[in-house]
Structure formats: C-alpha cells, structure tokens
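See structure below.
What follows draws every value from the coordinates through simple rules; no lab data is involved. This is a predicted model, so every value here is computed, not measured. FYI the Cβ positions are ideal-geometry reconstructions off the backbone, even for glycines, and counts take in every protein chain you see.
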Amino acid sequence: VTYVRNAWYVAAWSHELARNQLFGVRVLNEPIVLWRDDAGVVAAFEDRCVHRLAPLSLGRCEGNRLRCMYHGLLYDRAGTVVEIPGQERSTANLSLRKFPTAERFGWIWLFMGDADAAREEMLPPLLGLEQDDYTLGSGQLEYAAEARLVHDNLLDLSHVSFLHEKTFRMTDVWARERPTVTEFARSVRSERWIENQGVVGSLSDSTRVDTYFSYEVFVPGVLLMTVRSYPVGTASTLDRHHPAPGERLLEFTSQAVTPLTPKTARYFYIMGEQPRRGTTSYDLTNTERAFAEDKAMIEAQQSNIDLTPGYRFRATTADRGVVAYNRLVSRLIGLETGGRQDASGGVSQVNL
Amino acid sequence: VTYVRNAWYVAAWSHELARNQLFGVRVLNEPIVLWRDDAGVVAAFEDRCVHRLAPLSLGRCEGNRLRCMYHGLLYDRAGTVVEIPGQERSTANLSLRKFPTAERFGWIWLFMGDADAAREEMLPPLLGLEQDDYTLGSGQLEYAAEARLVHDNLLDLSHVSFLHEKTFRMTDVWARERPTVTEFARSVRSERWIENQGVVGSLSDSTRVDTYFSYEVFVPGVLLMTVRSYPVGTASTLDRHHPAPGERLLEFTSQAVTPLTPKTARYFYIMGEQPRRGTTSYDLTNTERAFAEDKAMIEAQQSNIDLTPGYRFRATTADRGVVAYNRLVSRLIGLETGGRQDASGGVSQVNL
Amino acid sequence: VTYVRNAWYVAAWSHELARNQLFGVRVLNEPIVLWRDDAGVVAAFEDRCVHRLAPLSLGRCEGNRLRCMYHGLLYDRAGTVVEIPGQERSTANLSLRKFPTAERFGWIWLFMGDADAAREEMLPPLLGLEQDDYTLGSGQLEYAAEARLVHDNLLDLSHVSFLHEKTFRMTDVWARERPTVTEFARSVRSERWIENQGVVGSLSDSTRVDTYFSYEVFVPGVLLMTVRSYPVGTASTLDRHHPAPGERLLEFTSQAVTPLTPKTARYFYIMGEQPRRGTTSYDLTNTERAFAEDKAMIEAQQSNIDLTPGYRFRATTADRGVVAYNRLVSRLIGLETGGRQDASGGVSQVNL
C-alpha cells in the first residue's frame, strides 16, 4: 500500500509541543523530530543524527540550536551541522532532511513529499480547535491497521446503520439511501438529507427537523463532516439539493488518519457542536464508544487481509465514494512516481 | 510443515456455541465462523465478508440469516449473499466457502479439504463427553508450537518415564519396553501390558493389577487412549496379546491437536474414569501439571527448531509409532496434492 | 552484522551455575547448555538433543552424565550418546557439538569458533570478582540492540559529556579533548589525562588530582577501564605520557557485551573501587542510572537503523577508536571466513 506524499499529514497536536521542546513522531514510516523554537515556530527534521543515527528527539534545545545528546553534534534551524565537539570543523557539509510544517486547527502538519511543492493552501479547509464559538472535544486513537482501511471507513458511512447501531442509533436510511457523491481535485464529498427525524445527538428530544450532512475526505485522509438542521420541509422545498451555506451549522467533526508504519495508524479527531457551553466540553463518551467499534472491526478486517493472499475487495453501490477516492489517490501517486508504482496495494475493486 | 486437509479437525467445544450464535475460530490458518442456527445445527464458513473481508463472527444472527455488521450484507445458510443494503440486487452471485461440520464427543468438527470427500464415518471412533457413565473432565491448552510436535509427543509415550517422572510416576517399563505398533489406513495404534503394578491413578493403593494400555493416533492428530485393568497373571495367560474388549475399561482420554497457525496449535482434551462419581468431576490437577510439562518441553523444542536451519530428527526404536504416523501423513498429503508438495517439513527421520 | 568467532565470549556468571547443574544460554544465536560437574568443572554443548532437538538444559545431571528429560537419551562429558532407553545400542555414533570453556573474573567464557584454536591466553587480561582487595559491584542488562552498537558506545567515551551529563557529571574535556588511541593485535586502547579535577566518584570532595584513564576494548567486545589518580602536576611532569603502572589504581570496571541473537545482547559489568570497605559493596545506583541512559539511546538508535535501508554511519575525530576496532574486527572475520564474508554489516564509516 502506498500513500500520496505531496500532501499535508497531521503529525501531532499543537499542545503537545511547548516552546523549546522536541517531540518525536512517525509519519509514513519515517522517524521525524518536531522542534518548536523560542518564538513558537515549529520545524521538522528526520529524527536521525548524521553521525550514528541517534534520535534527535532525545536531544536538547539550545536556543536556536538542537544538540544531539549522544555525542553532542549541534544543528541549526536549517538542519545543518554547526558543531562537532572536539573537532575544529566538519569536512563535510551535512544537513538533515527538513520537512515543511504548518500549524492549523489545533494540529501540526507535515508535508511529506517534495518540499518545493508544499503550499499552505493545500491544507484541507477544516474546522478545528480555533472554533471557540463551539463546544469542543478532541482525542486520538492508535490503529493496528493500514490507514487506508480507516479512510475507506470514513468514505462509506452506510456502516453507521450496522456497526454503530447501538451507539449512534441513526435511522437505517443511512444504509438504504445513497448520498450525492462529488469528486474534486483532491477530495471526495458526500452529501445527503435526512428528513423529518430527531435532531442528531438529541435522541430524547421530540423535535423533528430536516438535517443536511456533508462529509468530505481530503487527500491524504482527512475528513470534514458538517451537520446542519432546518425546519421540516426544507429538503423537499430545495428538491433535495444542498442548502446555501448559512448560520445553521449544528455540528462538525474534523478527523485525520495518519499512517505511522505500514500497518499502524494514528486517528486524530476534533468534535464541535452548537451552542458553545462555556467551559463544558463536548461529551465524548458515546463517540468514543463508536470509534472503538470501528477500531475493533477494522483491526479484525486487517487480520483477515493478512491471512488472505491475493484477496480483493468488491464494491457495492454504497462504495461510490470509496472507489472515487481511491481512484484519486492512485492518480496522484501515479503523477508523483511517473506511474512506476502500483498504488492499488494489489486490491482490485470489483463490482458486487 | 503441511497437514492432511481431507480430515476432520476439532474446531471448538459444543458448549462454546449456543443457538443463534456465532463463534470465530482459526483452523489451518484459515479464519472460520461457526454458526449454530435456531434448530441447533452448526454450519461453518470462511469468516470473511465478500465485500471487504470483515469477519462475519462479529456479525449478527437474524433467524436463518447471518448479517455482516460492518456494512450490512446478509447471507443465507448456504453462505450466499441475499441482500446488500440499499442495492436492489447483486450483479454477482457470491458465496462464502462452506466447510462440512459434524458434532460428536463434545466437539464441533470441521472437514478442511474437499467438501465432497467429507463423510461422518471418517470421524475418529473416540469416547467423549457423551460417556455419562464415567467421571469426566476436560480442558484445553494453547501451544506456541507446530501441531505435529504435539502429535509426535502423543505417538511416543516413552517420554512419560522422563518428562512426567514427577507427575505420572509411571514405572520406567514405559521407556524400556516397546509397545506393539499397528498401522491402519488412517491411524497408528500402540498397545502394551504393564504387569503387576499399582492401579493407574491410585498411587496410594496397594492393589496390584495387570494393566492394558492402548493409544491410537488418528489423522489429522487425534488420540484415543484406553486403560483396562485385570487380575495379575492375565497378561501372562494371554501371552501378552491384547485382551478381548470387555467391561474392564478403567480410564480413557480423547485428545485433539488442531493447528491454528503454522506455529500455534490448540490442544483439546477429555478425560474419563470409572466409576461415575455423581456430580464430582475428574480431578485434573495432576494431569494439567503433566500437560504443562509437555507444553514447556515442546515449545522449547520449537524454539530450537527455529534456530537450526536444515535440522533433522533422528529416530530411536521408541519412535516406531512416530515414524509410521508421519509416513501415513506424508502418503495422504501426497494423494491430496498429487505429490506436488513435500510433506516432510524438511525433516528427515534418520535412525539413531 | 557478523562477529569474530575465534574469541572468548562471556556466557554467564560463575555463581549462576552450581555443581551438578545445567544452565541454558544463548550466544551468537546458538542455544548452549552449560554443565558444571561434581568436581566443579564447566563444560558447554549445543543445547539440542540429537534425537528431536529438545533442550538439554531442561535435562538432569546424573553424576558424570547428562540425561535429556524428554525421551531419556544419556550423554557423557564428551557429549556422546551413551544410552538410548529401551534400545540395546545406537547404530550411529552421535555427539553434541562441544564448546571450549574457561572460568575467570567471575564469568564463564565460551570459545565460539574452531575448538582447536581456543587458548586460555586469548582471554582478555581483565580485573574481576577475584579482586577482593576492592569494593566490588556487578550486574547485567539486556539490550534490544545489536551488540556492536554497545561496543561502539564503549569505544567512544566522548558521549559521557552529553548522554551522561546528569549522572556522571564529568568535565566536558571528555568530549573536547581526544584520547591517545593505540591499536593492538586484538584490542584498541584509549588513554587520557584529566588534569586538576575532583576525584572521580567523589563529587562533593574538594580535593584536586590529575587522573589517568585507560579504556581498552578487546575482541569480541570486552572492556577494561582503569582509573588512577596522582597529585596535580603529574600529567604535566610526564608530558602527558602514561604513568608507570603502580599502586595508584583507584577504580576499574570490566564489561562484556555478548550477542545473544542478531538484535539482542547481554551486557555484563563488574565495578571495583579502592579502598576495600569490608562487606559493603559498590553502590551501583548512579552507575545503573547511566547504563539505563546508554540502553535507551542505543535501542532508539537501533530502531532508526531498522527504519533506514542503506544507512551509513559517519565518523568524527572522536571515532578513532571505533573505526580502529571495527577495522580490526573486519580483518579478523576476513581471516576466519577467507574473506568470503562482508563484516561491515553494510555500514560504511565515512568521515564527517
């Protein structure tokens, strides 16, 4: 399985890295050190001293320098060796690989491909922890599975009716009716109305509304889902087209799935709901129960994949988003590699 | 190492699977779901949804249907997809692989090879949990070793004198004298008299008897051992030939060793002894101490095998049963594979 | 990575093996049984019965014989099978591989190569647990890393200034100044003066001394470090040459790093300091804290190595000892293998 490299990956939470601190992460199987300087700016380098591969994340910040704490090599903010203890000067001009970084939505992002291709505009247009007009919650989960299996899960929410039957208790319209799927240059969006049902997340409330859901997965595996509610009849009035963007955003969630190693992934999530309830944060109890259901199923799916040489998935009509997204990923990987690499992971998507 | 496929393997205990329940097992490295319907009948299928390989053992029984609880595909008792939620009909005609099943002796059995070759008569003629005229006990153990090493252990009981010196405390005649070994079409039987010794399992008792032991290992690795005791002198009167089958069956044990993965196995055992003692069950304390001795030795043996490329076993005269059984297994595998596969696992049996 | 085989490896502590006892160890990925007889003499054999590879370390000493406790084969002190229970005689003449052994400094040593090449004179000239005129301490540590990474650590003590900044609190002269490095036939020695500093290990003491350090790493990875202190001015008087051997040995440590498997190692250490303090032993608290710093760094370094195909180390001027020792190891392996094997482990030492 391969992933797009010219894309922004969530590597950590902003709050995990204070000033003058180092933080070791793994992204796409590469060890990376995040380093926030005294001014608050984050830089990222391969987490491997040029001398003997000791991890720099076990090192020390010395002002605008980073010292490897095995044998003391000192690096500047460009990742260049500027001092070797006891050696007058280096005969080589050695630097660490540097990764472009960005900080948005509460997350530290890394651009894993060609540094020259990195542009902040390529960050997905999410909602995140800056939305202090919402009641917010957040968390993360470790998957013992390939990241793409989690991406597929987010792209086909028909599973909500079955896997999350007891947690999200959504109407089975989720599984029976198909969303509108739209393909963009670097994302796939699914949209749908759920008409004349209770307000999402207020199962005890008897109010009925028409609710509009939009969930969009951006390369390399980042979800934005928004939920808007309207008076009953709105969907019908709009002939089930999407409503104009407006005030009625009830809930959102931003989720990022980052491959750590070939068969492990980290799942970062932020939830927001209206109204803002002062210091009370989003109650994650039920959400995290549902996420545990996803994790158990996907890790068991991974175990079956590992036992099944030459396996293939078969696509149902509910997989339109899955198929479109994976086609997009394949195309982007093909562009990056000049078509030299098979991005399918050996998985043929056959119609069922 | 390969195993015979056209044979019945013990997959689980009958009591592990109630009506309308699913139970995931692993046999010969294949994930399998056992499914007992409302009428009590067990069926077995590959534990892998045709859609995206989710395990069906995490699914739900819906009367005579089984629903995958990831995206909701529904299967009938033939293993055929009969519903894809939200999709009018499947364009493919897809089914799960189905495994023949049987239920006997307290165990659920699976036939792992060609389904057309499965016949209940091929089940080993064991004694099991139906023997309610005995005091019964049962249990299981997980081995971190190839199943065949446990088979070999059961085929050469000369190890009882050494490995179980402190638990079974059998006379060293076990190691010094050789049993009569008889080869059958799908089993190897060893038989022997132990003359003028205490009653097995009654070490404190001063009674002396002649005891007749028969232990037979059936393909694919299932043991039946029976113990009969007679007045001292019987062995001599019979010129050490086997006695006529009769009333004097004192003890039996049925044991099945099932390969889960290439290097793990599950060991199922049932013990029975006369007389039946009401609600009191067989005291397994000492037996399980001895089984732990086997497990420690065999797992250490496996570890040595893994460290020794091109290793070979060497056979002593005590290995007659081992050699005969492994030759039988090789022949059966040769028949199944048309001789294309080396069943020896690279192990040459050289005489010592 | 390969290691020299014609060399003595520390396999265990003398006190781990009482008379008439067996002890299973792993050296260079080979399972070995140590066997001390009634007279106190240690022999070593492959820990694998010729019959079915059961470990003999799970066996039993029977006077001058060793019995495998799986099926009862009996071996003599030459490692030859002398009895197979129930079999009149063996048709084969089978023996275990025997390894030359030595016992010195508190350790049991094994010669892992050609037994004819083993000579006790090849043992490194260490100081050890026989030095009862010292206050002694000892211990061991398990590394999840290649042994050679620990060897490299011992060969370049410039790391003390950084990695052990908070534990050994040595002056940064360690990192800034270079020791004198001398190459011998089977070792590399580094020597240095530290002038006009506090007494090592007496940080609270205001006494100033000149201290002479010598640390020598012997094939296949055994360190002797000695520390001698002199009145301030001695180094200068001697023009910083080494002092004559004398009474002033203040401290020593002998350390042996034995490869267990390709990526695990056992680290044995003995510490001694003057004066002898009766029954009080060397306080290892701080030392073991420092050793834990080494272990954390080296295991993280190993993890980076495993993630970095085609990686290479780059040598600083502090690596003179490291480079010399690894060159010596390569040369010795080349002699053993007739140059057929690349001893570099794929690691090029490039100057930095």
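Points worth noting:
- With bins 20 Å wide beginning at 0, the percent of Cα pairs of the protein assembly as shown falling in each bin runs 10, 30, 33, 23, 4, 0.
- Those Cys residues of chain A for which no other cysteine Cβ falls under 4.7 Å: A:C61
- Once the chain from C:R289 to C:D133 is taken as fully extended at 0.36 nm per residue, the excess over their C-alpha distance is 53.6 nm.
- Residue among A:G338, A:G272, A:G198 with the largest mean-square fluctuation in a Gaussian network model of chain A, springs linking Cα atoms under 10 Å: A:G338
- Charged side chains reduced to their Cβ positions (Lys and Arg at +1, Asp and Glu at -1) give region B:230-278 a dipole of some 260 debye around its Cα centre.
- Summing +1 for each Lys or Arg and -1 for each Asp or Glu among the other residues whose beta-carbon sits under 10 angstrom from that of C:L56 gives +1.
- Translational diffusion coefficient of region C:48-191 (Stokes-Einstein, Kirkwood radius from Cα pairs, 37 °C, 0.692 mPa s): 163 µm²/s.
- Computed over the alpha carbons of region A:113-217, Rg followed by Dmax gives 16.7, 54 Å.
- In nm, spacing of pseudo-spin labels at A:D205 and C:H15 (7 Å Cα→C-beta vector): 7.2
- For C:D319, C:D205, order by how many other beta-carbon atoms lie within 10 Å, fewest first: C:D205, C:D319
- For the residue pairs B:K263/C:K263; A:K98/C:K263; A:K263/B:K295; A:K263/B:K263; A:K166/A:K295, alpha carbon separations beyond 27 Å are given by A:K98/C:K263; A:K263/B:K295.
- The share of alpha-carbon pairs in region A:75-124 lying farther apart than 14 Å comes to 62%.
- Label geometry 7 Å along the beta-carbon vector: C:V232 inter-copy distances in nm: 9.4, 9.4
- Efficiency of FRET between B:Q87 and A:R276 - r from beta-carbon atoms, R0 35 angstrom, step 0.05: 0.25
- Per-copy distances of the C:T207 label point, shortest first, in nm (7 angstrom along Cα→Cβ): 8.2, 8.2
- For the pair B:D76 and C:R97, a Förster radius of 51 Å applied to the C-beta separation gives a FRET efficiency near 0.25, rounded to the nearest 0.05.
- Note on chain B: antiparallel DSSP beta bridges, both residues inside, total approximately 95 percent of the bridges counted.
- Of all DSSP beta bridges confined to the protein assembly as shown, the antiparallel ones make up roughly 95%.
- Listed residues A:V232, A:S330, A:M122: farthest to the positive end of the dipole of the protein assembly as shown (Cβ charges): A:S330
- Normalised by 2.2 N^0.38 Å, where N is the number of residues, the C-alpha radius of gyration of region A:165-320 stands at 1.16.
- Number of partner chain Cβ atoms within 10 Å, mean per residue of B:49-60: 6
- Residue-count net charge about B:N93 - beta-carbon cut-off 13 Å; Lys, Arg +1, Asp, Glu -1: +1
- Rounded to 5, percent antiparallel among DSSP beta bridges of region A:1-142: 100
- In a simple Cβ point-charge model (Lys, Arg +1; Asp, Glu -1; nothing else charged), region A:266-346 has a dipole of about 280 debye relative to its Cα centre.
- Selected from C:P31, C:P220, C:P259 as most flexible by GNM, with chain C as the system and alpha-carbon contacts under 10 Å: C:P31
- Alpha-carbon centroid distance for the pair region B:43-62 / region A:120-170, whole angstrom: 25
- If R0 is 25 Å, the Cβ-Cβ spacing of A:E62 and C:R178 corresponds to a FRET efficiency of close to 0.60.
- Comparing mean-square fluctuations of B:E46, B:E165, B:E121 from a GNM of chain B with C-alpha springs under 10 Å, the top value falls on B:E121.
- For B:V222, B:V81, the sequence from fewest to most other C-beta atoms within 10 Å is B:V81, B:V222.
- Length, then width, then depth: along the principal axes, the Cα atoms of region A:1-96 run 43, 32, 20 Å.
- Radius ratio Rg over Rh of chain B, counting only Cα atoms, Kirkwood formula for Rh: 1.02
- Other-copy label distances relative to B:N286, 7 angstrom Cα-Cβ extension, nm: 5.9, 6.0
- Restricting the trypsin sites (Lys or Arg not before Pro) of region C:1-33 to loop positions (DSSP other than H, G, I, E, B) with no more than 13 neighbouring Cβ atoms within 10 Å leaves C:R19.
- Site pair B:T317 and A:R240 shows an inter-label distance of 8.5 nm when each label is modelled 7 Å from Cα along Cα→Cβ.
- Shielding by partners - mean other protein chain Cβ count within 10 Å, residues of C:38-45: 0
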